[in-house]
Every structure is written in C-alpha cells, then in structure tokens.
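Right, one structure below, let's go through it.
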Amino acid sequence: MSDIRREMIMLSGLNCPTCAAKLEKAVQSTPGVTEAKVVFGAGSLNVEYDATVVPYERIAEVVSRMGMTVTARVPGSASR
Amino acid sequence: MNLSAVNWLMIAVAIAAGAPIAKEAVTKLRMRQFSIALLVVLASIGAVLIGEAWEAAVVTVLYVLGGWLESRTLARTRSALKELVDAMPRTARVRRGDDIVEVSAYEVVRGDIVVVRPGDLVPVDGEVISGSASLDTSSVTGESMPMEAGVGARVTSGSVSLGGYLEIRAEQVGADTTFSQLIYLVAEAGEQKPRVQRTLDRFAQWYTPSVISASALVYLVSRDMHLALTFLVIACPGALVAAAPVAMIAGLGSSARRGVLIKGGERLERIVGIDTVAFDKTGTLTRGRPRVVAVEAFEGSSPQQVTAAAASAELRSEHHLASAILARAEADGVAPLPAHDWDLRPGQGVVAVTEDGRQAAVGNTALMKALGVAVSPEQLAAVEGREAEGETVALVSLADRAIGLIGIADEPRPDAAQAIAALRDAGIDRIVMLTGDNRRAALHIGAALGIHSDHIRAGLMPDEKVGAIRDLQAAGARVAMVGDGINDAPALAMADVSIAIGASATRAAMEAADIALMSNNLMRIPQAMSHSRRILRVVRQNVALAVGVVLFLLAGVLAGRVHLASGMAVHEASILAVTLNGMRLLKQPRRG
C-alpha cells in the first residue's frame, strides 16, 4: 500500500539560490520522497511523496531545519 | 594589536551582527554545507585577527542588512503567486442529507453537492443545480464584471459569491480544480528557463568549482588568506542565479492575476518573435452563437407568421441555426405551430407538416426549388442582399408559398476590432483569419474587424487550418494561432505560439497552450504579448547586470582595488538590483 501525494509547499526564508539547491537535495534524500523540486522564483518546494513511508511532518521538519518556514500548502493531483 | 575604544566598538558590532550568521553557518555545517555564512564568519574572524576590526563589522552588518533586504524584495516579487495561493478556497459547505457541514476544500469529492452563500469562495468546478448568484470571477479570469450564475451554469473554483445562493454539483475537486491547476502552472512556468538563463546555468556548472580552485590558487600564489577569502566571498553567484527566476515569477504571476497564463521558458522567446497572428473566426473573433438579426415578411404575411412557421419546422432540428430561430421565437413570444412529420434535408433545410395539414419549410433557394415553391426575383434579391452583408439567409414557406426570410449572423465580439488594432500597434504586421465558414460571411466579419481580404482563408476543414498555418510558416512567418483550444487543437499545435481563449473552461487547453486566456477578453492578447516582451527584457537586463558585476568585482579583487567590505556591498547590491528590477514586472502598464 502506498499513498502518493503531491504538494506545492510555499516557503518563507528561501532567500538564497544556494539554500534552494541544498534544500532540494535534503528533501530528495529523505526516504519516501519520490520527487522534490525547489522553485526559487516561486519560493516553493514541489514534492511528491509516499505518505505511508514519510508523513508530511517529516518533510516540514527538513524545511525548518534548513531555517525556512511553511507558509501555505497547495495539494496537487498525484497523477500529474 | 591596537585595541582602541573604536576597535572594541567595531568588534562588539561584528559580534552582535555576526552571532546569527555564525549560528546559521554552524547549522549548515552540521548539514555538511559550506555556506556563504561560514565564509563571512571566517573572513570576519580573520579581519579581527589582522587588526581590521572595522572590516569585520562592515561585512557582518552588510550581510545581515543585505539578507533582510533580499528577503523583503523577494517576498514582493513572489507576492503575485502568493496572492493566488491566498485566494485559494480552503473550506467548503457540503450538503450531507439534510445537513450542511463545513469541511476542508480537499475533502470534497466528485458528485458532492456544495452550497455557496454570499461571501463564500466557490471551492470546486461544477454545475449549478439550484439557486442563482452573482459571482466575482476576477481571481481566475481577471475580469471585473460579475457573472450571473443560474441553474445549468458552469462555475469555477476561486470565484466569490457576491450575493445569492447556489448549490453546485462538484465535478472537479481539490487539486484538479481550474484554480489549483492555475497555481501549479504559474509556478511551473516560473521554473522554465529561457535560453539566456540556460546558457548561464551551463556556465554555473563549472563556475562554483572553478571559483573554489581559483581562490585556492590565489592563496598559494599570494600567501594572502585575506585576498583568497575575499575572492571566494565575492565570487559567490548570488545575483547570477537569482537574475532570471525572480523576474520570471514576478512577470508571470502578475499576468496570471489578470487571468492570462503565460508559459515561461523558451516559449517566452517564441512569443516575442511573433510577426503573424492567425485567428479562428467562429467563437474566437465572433461570439460563436448565431443570432437571428432580421425577420422579413413578404407581401401578405406578418413577421410573426414567418417566425411561427420557421419555428415549427425547426422544432426537431439540431442544426445550429435552429436554436437561433427558436430563441428568436421565444423572445418574440411567438408559439411554434404544432407540427409533425419532420423531414431534414441536409444542405437544404427542413420541412414539417403542421397540425392543420399545411407544409412549413425553412431553407435555402435549393429547398424551395425542390418543393416547387415559387420565389420571385424581388424575393431572391432580398436574400442575396442580406447574404452580401454576411448573413446566412433562410427562406420560409407555408402551404407552398414563400412568406418571408430570416437572416442569421454571428456577430464579432465587442472587443475584437480593438484587439486587432492593438496587435497592429504592437508591431504584428499580419493578422490572418481562418474559418470553416463560407467566404462571404468571412469577408463581412473581416471587413468589420479590419482584416485584409488577402488574409482571410475561408471554407477550411480543421486539417486545412493546419495546412494554412504551415503555408504561412513556409513563407517565413512566425505564427501565433488564437482559438478556443478544442476545435482548433491541431492548428494550435502547429503554430509557433498557441493562444487559447476561454481556457478556464477546458483544462487541456490551459495546459497545452503557450498563452491561456482564462476569459474571452481578446484585449488580453496584445497585453500578453507586450507583457512577455517586458519580461524577457528584464530577464536579459538582469543576466547582463549579474554577469557584469561579478566580472567587475573579480577583476577588482585581483587588482587589489576591491576589498572584502566594499566587494560585499557591491555584491549584495547587485542581488538587490536584479530583484528590484524584477519587481517592476508586478506593475501592469495599463489596465484593460
């Protein structure tokens, strides 16, 4: 059983492009995350993950460990 | 070391400003990242040790100040997207049996009945099944005129009810709604890189490693740690990396807020290169809903009789002109005569027998001839006169006698002529009209809109429209095709740039098009083109500025003219400059 979800997580504190690349790597290497892309211009983290393996909170934790905060979550359709 | 009072003050400042930087550096070091913060901290400690405490103070303060300014301006450039996200529906009222319960907008499932009260955001895409309301659709379509929604109307998520009561059957929910798609597409478009930025990225791949080796080399050659550190900090590609994305998202976001979705990346360069715009006629330049514009009664009959006879013949017809005639009958309060035995004659018209046994017919002269109905030369002249005006004309007969004619036309959209004029002003030399309709009707609309008759291609099948686009391209034109995205999908795909209008209705069109207008407002097309031009201009300016500043600083460092503090200041200023420049795109030059 897996529960694939896709979300666009809007961030505040994503101020330097290098941090964006680092965040992207950190989220990508989190087990259960199948896809992660940080869009610097938009200030968002677009992520696809299996919620049975990694709860959203774990991803949020990675974000806050990098010194950023979540301002909004926009769920996307997993099929995209 | 001469630790004067001033020196101590500088050290205090450096420590106060540097503490959060040091914290950031340590956090990132734990994540195995060698951050700029770390470089700044090391450089500051080094500066204090070599007795240049003032430099440590300046660098740390600048770093903090720069970071603060950057986050403020970045937040501004991202504000257009953020406003869309903020306008996203969060909750929904759903009918569950007799109760109405409030749930998260993402818990609504297809088929749920959603209740919308005044002030509520419509949380789903769907069809109104009861009630009526006035809806503000501006956050999706960018249009300020409220939409009146009644039973049967299709509504999209993100609209706000200004008054009234609606019950909507949910068709697209949560992430599949038009509004969610819009947000995703804007964010994705911002991520697409134009060619100029992709060149920069290739450059950046070897840039960072070579800067690190170069600064190591600087140290080995000069044995000057200070110089090497300065080199490293200054060469950090902050402005280079931010240059394009901040401009893109500000520009694409602000246009999305007005209901125009422009896709980013290379498409932007293609949009700017357009010299020809081809329009589909029916439904794009015109309203797409034929309307009866004239009912003319021949001698011995009344217009009411003409309408009644025509309506009774058309009662069972599914021809698109039938609905126009029936709508006119209803509007005039004319009841169709009861009829039976309908006979549809393709290419001619339709014949029926009324209750009292008379034959009622609507159709062209060929039909009248086939039925043996006499049409006088004067009557024929009346038909031809109207056809020359671009109308489709149907003769009406009752009991073997021609009693009148009905003129039907599809009118241009009110803003079509203005939009075409604006495109010409914007330097689009050639405006082309492609249509499946007959040449006469096409020429009439073309003349009303200022399209040259040489640029009108009529009587085209959908695949011939593709051929027409290809012909233009073969002649060297770079063509944008404007259509509704459904019937014109092949021609849109063939064009260099595809522009879909009314795209909030069809998701496929919204995703496939290079420019998707969420409304039917044609003035958005010239606006979108000039806005694309501005975006690309700002992106290019930013890239040039960022590259220039880094080259200038590195040369300055090596020449010994730029030091850590001044270099840092210029560096931070350049990031700020590209962000501020990008912010200009949030403003629209004029409102339409």
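The values are calculated or read from the model by the stated rules, or taken from the named source; none is laboratory data. Keep in mind the model is a prediction, meaning the values are calculated, not measured. For neighbour counting, all protein chains shown are included, and Cβ atoms are generated from backbone atoms with ideal geometry for every residue, glycine included. Areas reflect the complete protein model, heavy atoms only, side chains present, ligands, DNA and RNA absent. Shrake-Rupley method; radii C 1.70, N 1.55, O 1.52, S 1.80 Å.
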From (1) touching a strand residue (DSSP E or B) at 6+ places or on another chain (Cβ under 8 Å); (2) open to solvent by less than 10 Å² (accessible area, probe 1.4 Å); (3) within 11 Å of chain A (Cβ to nearest Cβ), pick out the condition that doesn't hold for residue B:75.
(2)
Condition met for residue B:85 (over 27 Å from residue A:44 (Cα atoms) and out of contact with any Phe, Trp or Tyr (no Cβ under 8 Å at 6 or more places or on another chain)):
no
I need the full set of residues from segment A:26-55 which are open to solvent by 10 Å² or more (accessible area, probe 1.4 Å), over 9 Å from the mean Cα position of the chain (by Cα) and either within 13 Å of chain B (Cβ to nearest Cβ) or not hydrophobic (A, V, I, L, M, F, W, C) (or both), in order please.
A:26, A:29, A:30, A:31, A:32, A:34, A:40, A:50, A:52, A:55
Hey, can you tell me all the residues within segment A:14-38 that are in contact with a strand residue (DSSP E or B) (Cβ under 6 Å, 6 or more places away or on another chain) and closer than 23 Å to residue B:581 by Cα?
A:20, A:38
Within segment B:210-227, can one find any residue that is assigned to a helix (DSSP H, G or I), at pLDDT below 85 and within 14 Å of chain A (Cβ to nearest Cβ)?
yes
Against the definition (modelled with pLDDT of 80 or more and either in contact with a helix residue (DSSP H, G or I) (Cβ under 8 Å, 6 or more places away or on another chain) or within 14 Å of chain A (Cβ to nearest Cβ) (or both)), how does residue B:57 come out, yes or no?
yes
Selection from segment B:81-95 of residues within 10 Å of another protein chain (Cβ to nearest Cβ) and open to solvent by less than 60 Å² (accessible area, probe 1.4 Å) yields B:81, B:84, B:85, B:88
Of a type outside the set (A, V, I, L, M, F, W, C), surrounded by fewer than 19 Cβ atoms within 10 Å (Cβ to Cβ) and in a loop (DSSP other than H, G, I, E, B), is that true of residue B:556?
no
If you scan segment B:258-274, which residues turn out to be open to solvent by 10 Å² or more (accessible area, probe 1.4 Å) and among the small types (Gly, Ala, Ser)?
B:273
Can you pull out the residues in segment B:96-113 that are closer than 20 Å to residue B:156 by Cβ and either part of a loop (DSSP other than H, G, I, E, B) or more than 12 Å from every other protein chain (Cβ to nearest Cβ) (or both)?
B:103, B:108, B:109, B:110, B:111, B:112, B:113
Which count do you get for residues in segment B:242-276 that are part of a loop (DSSP other than H, G, I, E, B), within 9 Å of the chain's Cα centre (by Cα) and not small (Gly, Ala, Ser)?
2
Inspect segment A:65-73 for any residue being open to solvent by 70 Å² or more (accessible area, probe 1.4 Å) and more than 8 Å from chain B (Cβ to nearest Cβ) and give the result as yes or no.
yes
Condition met for residue B:522 (assigned to a loop (DSSP other than H, G, I, E, B) and modelled with pLDDT of 90 or more):
yes
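Residues checked against (1) at pLDDT 85 or above; (2) part of a helix (DSSP H, G or I):
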| site | (1), (2) |
| --- | --- |
| B:28 | no, yes |
| B:51 | no, no |
| B:73 | no, yes |
| B:92 | yes, no |
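Would you mind finding the one in B:509, B:491 that is closer than 22 Å to residue B:461 by Cβ, part of a helix (DSSP H, G or I), within 13 Å of the chain's Cα centre (by Cα) and not charged (D, E, K, R)? Spell out the reasoning first.
Details: B:491 fails: within 13 Å of the chain's Cα centre (by Cα).
Only one candidate passes the filter, namely B:509.
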Residues that are within 18 Å of the chain's Cα centre (by Cα) and open to solvent by less than 10 Å² (accessible area, probe 1.4 Å), drawn from segment B:156-172:
B:157, B:158, B:159
Do we have residue B:425 as at pLDDT 90 or above, closer than 30 Å to residue B:530 by Cβ, under 20 Å from the mean Cα position of the chain (by Cα) and of a type in the set (Asp, Glu) here?
no
Has segment B:307-320 got any residue that is assigned to a strand (DSSP E or B) and either surrounded by fewer than 20 Cβ atoms within 10 Å (Cβ to Cβ) or out of contact with any Lys or Arg (no Cβ under 7 Å at 6 or more places or on another chain) (or both)?
no
Counting just the residues of segment B:132-150 that are without any contact (Cβ under 8 Å) to a residue 60 or more places away in the chain and aliphatic (A, V, I, L, M), which one comes out surrounded by the fewest Cβ atoms within 10 Å (Cβ to Cβ)?
B:145
